[in-house]
Amino acid sequence: MGMTRVQRGVPAQLTRTFSVGETPTDVMGDVTVTVTRLDGTAVVSGTAAHPGPAGQYTFAVPAQMQLDALVVDWSGSLGRYRDLLEIVGGHYFDLAEARTEHGLSLAQHPTEKLIRKRLEVEVECERICGQAFVPRFERAVVRGDGRAALLLPRVQVRELRAVTVAGTAWSPADVAAVQVDPSGVLHHPVGWPAGPVVVEYEHGMDMPPEDLRTAAMLRLRSRVHITTSGVPDRAISWSAADGGTYRIALPSGERTGVPEVDAAYERNTIDMGGFA
C-alpha cells in the first residue's frame, strides 16, 4: 500500500504501476479505480488513464475541501492494489523552499523523489514528537467504559466530526453535545457506552513552529543524501582525509541522528502527562 498526502482544495493525480515480477507490464483491458472514505462511503470512481510508460496508470481525484483519509482501489487483469490518499491541511514546507535552502537541484532530485522523502520526514517527525504540526484527519476505534472521559490516540484535537456506536451513527446534535478537550479527551455528559466507539476527528496545529520547519528541511536533505554520503551504513565514527576523526550521532527510535534536527524535535515533543 502506498500513501499520498495532498493539500485540501488541490486535485490529486495518482499513479500506480502494474508489474509481472519486477517488470512493469500493461494490463489486458481497463484498470478501474474506486475511491472511498474509511467508512466505505463512495467518493469517485472511473477508469484509469494509461499515459505511456509500460504498466503505469494514472487517475485524477477531484479537489476535496474537507480533511479526510481515502482508500484508493485499483483493479486490472494483473491484480488489485490498494493505496491511501490523505487530505491534509498543509505540508511542513514547500519543495521549492527546500530546494533553495539546501541546493537540491531538479536534475539530481526529481519532484517525485522529494515528495516521497518529505512524506517520510513528516511521518517520522510526528511519530517522534507525538503530535501533528498541520491539520490532519483520523478515524479511530477507542473503547468506552461508561465513564464521561474518552481518550483519543492524538492530541491537538481541533474538531469532533462523527461518532458511531454499535453500527449506529450519532446525530449532529449528539456529536455537538460532546465536549472536546484539545489534549485528546472527549467528555460526554452521560458517559460513553461500554465497548468500541468509532470516532472521526481533526487534529494538529495550524502550522509548524519555525524551528521545526527548518529542522524538517534539514532532515529532508539528510534523507535524500543517505545513500550518497560516502559514510558506511554501520559506521559509528569517520576519519576524514585530513586526518581528523569524527564520532557520528546515531539514530534510534526517538532520534534521527542529526543533532540539529533532534534538538528541534525535542523542543516540540508533546508532554503526554502520564497518558503515554
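Between Arg267 and Ala176, the contour length at 0.36 nm per residue exceeds the alpha carbon distance by 29.4 nm.
Mean-square fluctuations from a GNM of the chain, with a 10 angstrom spring cutoff on Cα atoms, peak among Gly257, Gly90, Gly79 at Gly79. When shorter helices are ignored and each DSSP H run of at least 4 residues is given -39500 (n - 2.57), the per-residue value for the chain at 222 nm works out to -6000 deg cm²/dmol. Want the number for Thr23 to Thr111: 0.36 nm per residue separation, take away the alpha-carbon distance, what's left? Extending this stretch completely gives an extra 29.4 nm. How much of the pair distance distribution for the stretch 3-88 lies past 15 Å, counting alpha-carbon pairs only, in percent? Roughly 55 percent, once rounded to a whole number.
Dividing the mean sequence gap of close Cα pairs (under 8 Å, 6+ apart) by how many residues the chain holds gives a relative contact order of 16 percent. Here the contact order of the stretch 72-202, divided by its residue count and restricted to Cα pairs under 8 Å and six or more residues apart, works out to 25 percent. Looking at the stretch 11-118, the GluC sites (Glu not before Pro) that sit in a DSSP loop and have at most 14 other Cβ atoms within 10 Å of their own Cβ are Glu22. Considering only alpha-carbon pairs that sit under 8 angstrom and 6 or more positions apart, the relative contact order computed for the stretch 114-185 is 28 percent.
Considering only Gly21, Gly55, Gly253, the mean-square fluctuation computed in a Gaussian network model of the chain, springs between alpha carbons under 10 angstrom, is largest for Gly21.
Just so you know, all these numbers are worked out from the coordinates, no wet-lab data involved. If you're wondering where the values come from, they're calculated on a predicted model, not measured in any experiment. Every residue, glycine among them, receives a Cβ derived from its backbone with ideal geometry; neighbour counts consider all protein chains shown.
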